[in-house]
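Asker: Quick one: the structure is below, and I'll ask about it shortly.
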Protein chains: 2
Amino acid sequence: MSKHPTTWNNQMIKRMNKEMVLNQVMESAPLSRADIVQQLGLNKGTVSSLVNELIEEDLIHESGTGESSGGRRPVMLLFNEHAGYAIGIDIGVNYILGVVTNLAGGIVHEKLKKTRDLSVHQLTSLVSATIRYLMEQVPPSKYGVIGIGIGVPGIVDTAGKVLIAPNLKWQDVDLKRILEKEFQCPIFIENEANAGAYGEKRFGAGRNSHSMIYVSIGIGIGSGVILNDELYRGSNGYSGENGHTTIIVDGKECTCGSRGCWEAYSSEFALLQSAEQHEHLAGASLEDLITLADAGNPAALELFQTLGTYIGIGIANLIKTYNPEQVIIGNRIRQAEHLIRNPVMEAVHSSSLPFQRAGLQINFSELSTYSAAAGVSAFAIEGFLKFSQRPLAGPGFPV
Amino acid sequence: MSKHPTTWNNQMIKRMNKEMVLNQVMESAPLSRADIVQQLGLNKGTVSSLVNELIEEDLIHESGTGESSGGRRPVMLLFNEHAGYAIGIDIGVNYILGVVTNLAGGIVHEKLKKTRDLSVHQLTSLVSATIRYLMEQVPPSKYGVIGIGIGVPGIVDTAGKVLIAPNLKWQDVDLKRILEKEFQCPIFIENEANAGAYGEKRFGAGRNSHSMIYVSIGIGIGSGVILNDELYRGSNGYSGENGHTTIIVDGKECTCGSRGCWEAYSSEFALLQSAEQHEHLAGASLEDLITLADAGNPAALELFQTLGTYIGIGIANLIKTYNPEQVIIGNRIRQAEHLIRNPVMEAVHSSSLPFQRAGLQINFSELSTYSAAAGVSAFAIEGFLKFSQRPLAGPGFPV
DNA sequence: AAAACTTTGTTTATTAAATGGACAAACTAA
DNA sequence: TTAGTTTGTCCATTTAATAAACAAAGTTTT
């Protein structure tokens, strides 16, 4: 554990430039060495040598020649997304979703298991079992499983410890340590909303945004924040406690003990609570209510209208706070997109000024149920590909 | 205007390392070359040569020997804060405050001028005149005036254009271009809350925080956000529109046209509006109300109690959103610190959970009326000292 | 007081990496 | 067929960090 800040030397330069070349290939493939020279402004010789090293490491490969633009035909380069695989696990309140992805985030295997009221021990055992199962499904490759990411519906500290996960009834569970004992590869633990945000940013609706808020609306509300292309976690990892900001002083009681929280009006829980007020809607699930509303039930339609309005008010607050390029609505509520889209948009419009929403996009999640699993997988991939964090010439790792 | 991203080479390394050495001297002076080696982890020879270059550039200087720790006595280094000077201008709603600061942010001259209902032309002329006056007061130095920063109570885009400043009745004023015509040094235009945030971060109560929210409460509310030691401006520079987040759906009407905004309950304007309800308080200014409350007037005391509570509720919302290390309350309301401190704290406590405010500090501005002026001055200084942005060996500029 | 050790700082040879230019290869256009 | 163009590699040059030797100026031990 060095206490020095990072200083700069030739090795650092090379790592950085190599990383930039690799990113360029991942983003713009197929492209030639000459294209990279033009796009990055690096010297021809430098690009040539870095590309050849990356080819040696099997991270990119040549794939025939491209079209001539009046001279020698270029050799096109592709990212080798099969050089290794990552495992992503999304621990939900009543399910575990596991995926195997290639280095481009493409899902090559998945495993869904419903759960119900499990103890910490039972649930972590099930997570382990899921990982073991998925490991067997991973195709043979140069680097094998390069990392495992876990998404948890709770607060996670920087050491990978789950401080509190109310809906799982977890407290102080050192998930990272538990899994590192069993599996010999890097483990990444993240909050579910942060994971979803990162998944959408890398592979989903947020691909083109530099700043984006992912609002995860399920039983509760959490949010993941991407600023300057990076996940912002807050000083203690507690950013995204947005669901508990006050939108009505002295308003409705919230599960957190406070009053008037956004979540108390805009979550699935809030919806079901309102449904209880109508005798013929009492006991209905989110899915039931969607079916009813689709069939034209006026009370159900009204519930979604109200829900959408409150969601929109909260989103307007987020916009005025972060001024993001994009807001993405995800998690379970996504199923009701067609019912809430309009009220959300209307509420955002009526509670913000034109300049405050200039250039803003509001979208629903593209990866649907895979946002979080794909997101944690992306963390593992990034940890592997980020040269600056990878051991220099460690066993099985490219230099 | 290069379209390439920044790649890395030896020149870049040197700039970065030199900048780190300079920062170390600024933060920890007096210190020796050996101390820098220890703190940064750079090689002795590297530090020696970089330090000597910085001495040649007059940015640091030697100052005798320090205490021996069992061997040769070290040569102590100091930052030469008199190598150049910056000018900072805070354009308020009814004043212009100008300061001359040295490179360490120390104020060496100031000029305050009250204004009243001026046209764009009159006000910009007055700003120019203030700058010309301050330029004459700048002591002789190697680099002279290295930049001018201007703080404006409105929205500023990245090109230095004031898009809208409601209280000045400004719209689309290209302040940067206007001033660049007259003054031949770098000009920095910033929003007033952003400037205040940066001022407190560099020289005031926020010196030790990596993430901090500066809440500027005057006639309205604006906020400046520091994340990872840097100012976060949002995708269009509109972050900090926080004053207009909804805290009571369908609540009191706000000047922005919307309803229930935080600002409608927590600003100086809100306070004066409430005072109008009491016949013997009507027409009182903020200063009058403070005097009355200090004299024990129960109605005035109650007004501040209510104001503080609403301020605290809004701050709790900020905390749950950004999870900062610190919140600093600044601008005119600072005068009422002794009256609102307790209600603010109580409201923050009662509307947040212990873990959400873990490690959080809430303070009032330390630089009082100078926050914004010192902040914009700091922008100018940083622009000068940041080697990566300075022209390589430009006229009068160190390499 | 002399010798041995320590800390500070400079100088020099070495090494790593980007750069610029020469060159070869492969193609187009005239 | 010839001249020009684009792509990619190779090599000499340059820059900057590093390691190690060295010098300077102190302290501690004998």
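The values are calculated or read from the model by the stated rules, or taken from the named source; none is laboratory data. Just so it is clear, the structure is predicted and the values come from calculations on it, not from any experiment. Note: ideal-geometry Cβ built from the backbone for every residue, glycine included; neighbour counts use all protein chains shown.
Asker: Out of all the residues in the range A:357-368, which are modelled with pLDDT under 95, surrounded by fewer than 18 Cβ atoms within 10 Å (Cβ to Cβ) and not in a loop (DSSP other than H, G, I, E, B)?
Answerer: Result: A:Ser368, single match.
Asker: Picking from B:Gly160, B:Gly196, B:Gly218, B:Gly154, which residue would you name as being touching a residue at least 40 places away in the same chain (Cβ under 8 Å) and in contact with a strand residue (DSSP E or B) (Cβ under 7 Å, 6 or more places away or on another chain)?
Answerer: B:Gly196
Asker: Next question. Could you list, in sequence order, all residues of the range A:15-73 that are β-branched (Val, Ile, Thr) and at pLDDT 95 or above?
Answerer: Across the range A:15-73, the qualifying residues are A:Val21, A:Val25, A:Ile36, A:Val37, A:Thr46, A:Val47, A:Val51, A:Ile55, A:Ile60.
Asker: Only one of these is within 11 Å of chain B (Cβ to nearest Cβ), at pLDDT 95 or above and under 20 Å from A:Ala336 (Cβ atoms): A:Ser223, A:Ser216, A:Ser209. Name it.
Answerer: When all the criteria are applied, what remains is A:Ser223.
Asker: Could I ask something else about it? Identify the residue in the range B:277-288 that is surrounded by 12 or more Cβ atoms within 10 Å (Cβ to Cβ) and farther than 19 Å from B:Ile221 by Cα and, among all such residues, is farthest from the chain's Cα centre (by Cα).
Answerer: Selected residue: B:His278.
Asker: Which one is nearest to A:Trp8 (Cα to Cα) among residues in the range B:1-57 that are of a type in the set (Gly, Ala, Ser) and out of contact with any Gly (no Cβ under 9 Å at 6 or more places or on another chain)?
Answerer: B:Gly41
Asker: Which one is nearest to the other protein chains (Cβ to nearest Cβ), of the residues in the range A:41-52 that are within 13 Å of DNA strand D (Cβ to nearest atom) and surrounded by fewer than 16 Cβ atoms within 10 Å (Cβ to Cβ)?
Answerer: A:Asn43
Asker: Okay, moving on. Keeping to the range B:60-96, report how many residues are away from DNA strand C (no atom under 16 Å from the Cβ), more than 16 Å from B:Phe188 (Cβ to Cβ) and not β-branched (Val, Ile, Thr).
Answerer: 7
Asker: Looking only at residues that are farther than 25 Å from A:Phe203 by Cβ and in a helix (DSSP H, G or I) in the range A:17-34, which one is farthest from DNA strand D (Cβ to nearest atom)?
Answerer: It comes out as A:Asn17.
Asker: Of everything in the range A:226-267, what is of a type in the set (Ser, Thr, Tyr), assigned to a helix (DSSP H, G or I) and at the interface with chain B (Cβ under 10 Å from one of its Cβ atoms)? Give them in sequence order.
Answerer: Matches in the range A:226-267: A:Tyr265 only.
Asker: When you go through A:Val75, A:Val120, A:Val100 one by one, which is the residue that is assigned by TED's automatic domain parsing to the domain that holds A:Glu27 and of a type outside the set (Lys, Arg)?
Answerer: A:Val75
Asker: Further question on the same structure: Just checking: which of the strands (runs of 3 or more DSSP E) contained wholly in the range B:35-114 hold 1 or more residues that are farther than 30 Å from B:Val127 by Cβ?
Answerer: B:60-65, B:75-79
Conditions (1) in contact (Cβ under 8 Å) with a residue 24 or more places away in the chain; (2) among the hydrophobic types (A, V, I, L, M, F, W, C); (3) within 10 Å of DNA strand D (Cβ to nearest atom), marked per residue:
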{"position": "B:Gln39", "(1), (2), (3)": "no, no, no"}
{"position": "B:Arg73", "(1), (2), (3)": "no, no, yes"}
{"position": "B:Phe79", "(1), (2), (3)": "yes, yes, no"}
{"position": "B:His109", "(1), (2), (3)": "yes, no, no"}
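Asker: OK, next. Which numbered condition in (1) touching a strand residue (DSSP E or B) at 6+ places or on another chain (Cβ under 8 Å); (2) farther than 28 Å from B:Gly105 by Cβ; (3) at pLDDT 95 or above is the only one that B:Ala270 fails?
Answerer: Just one mismatch for B:Ala270, condition (1).
Asker: Can you tell me how many residues within the range A:156-175 are in a helix (DSSP H, G or I) and either modelled with pLDDT under 95 or surrounded by fewer than 20 Cβ atoms within 10 Å (Cβ to Cβ) (or both)?
Answerer: Within the range A:156-175, residues that are in a helix (DSSP H, G or I) and either modelled with pLDDT under 95 or surrounded by fewer than 20 Cβ atoms within 10 Å (Cβ to Cβ) (or both) number 3.
Asker: Condition first: in a helix (DSSP H, G or I) and within 14 Å of A:Gly88 (Cα to Cα). Can you find one or more residues in the range A:148-155 that meet it?
Answerer: no
Asker: Give me a count of the residues in the range B:96-125 that are among the acidic types (Asp, Glu), within 20 Å of the chain's Cα centre (by Cα) and surrounded by fewer than 16 Cβ atoms within 10 Å (Cβ to Cβ).
Answerer: Selection size over the range B:96-125: 0.
Asker: Let me ask something else. Can you give me the number of residues within the range B:4-36 that are of a type in the set (Val, Ile, Thr) and at the interface with another protein chain (Cβ under 10 Å from one of its Cβ atoms)?
Answerer: Residues flagged as of a type in the set (Val, Ile, Thr) and at the interface with another protein chain (Cβ under 10 Å from one of its Cβ atoms) within the range B:4-36 amount to 4.
Asker: Out of B:Ile328, B:Ile340, I need the residue that is touching a residue at least 24 places away in the same chain (Cβ under 8 Å), in the same structural domain as B:Ser223 (by TED's automatic domain parsing) and under 26 Å from B:Asp229 (Cα atoms). Which one?
Answerer: B:Ile328
Here is a yes/no grid of residues against (1) under 30 Å from A:Val21 (Cα atoms); (2) part of a helix (DSSP H, G or I); (3) charged (D, E, K, R); (4) within 14 Å of chain B (Cβ to nearest Cβ):
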{"position": "A:Ile290", "(1), (2), (3), (4)": "no, yes, no, no"}
{"position": "A:Ile311", "(1), (2), (3), (4)": "no, yes, no, yes"}
{"position": "A:Ile315", "(1), (2), (3), (4)": "no, yes, no, yes"}
{"position": "A:Gln335", "(1), (2), (3), (4)": "no, yes, no, no"}
{"position": "A:His338", "(1), (2), (3), (4)": "no, yes, no, no"}
{"position": "A:Val348", "(1), (2), (3), (4)": "no, yes, no, yes"}
{"position": "A:Phe355", "(1), (2), (3), (4)": "no, yes, no, yes"}
{"position": "A:Ala372", "(1), (2), (3), (4)": "yes, yes, no, no"}
{"position": "A:Val376", "(1), (2), (3), (4)": "yes, yes, no, no"}
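Asker: Before we move on, is A:Arg202 away from chain B (no Cβ under 12 Å) and charged (D, E, K, R)?
Answerer: Answer is yes for this residue.
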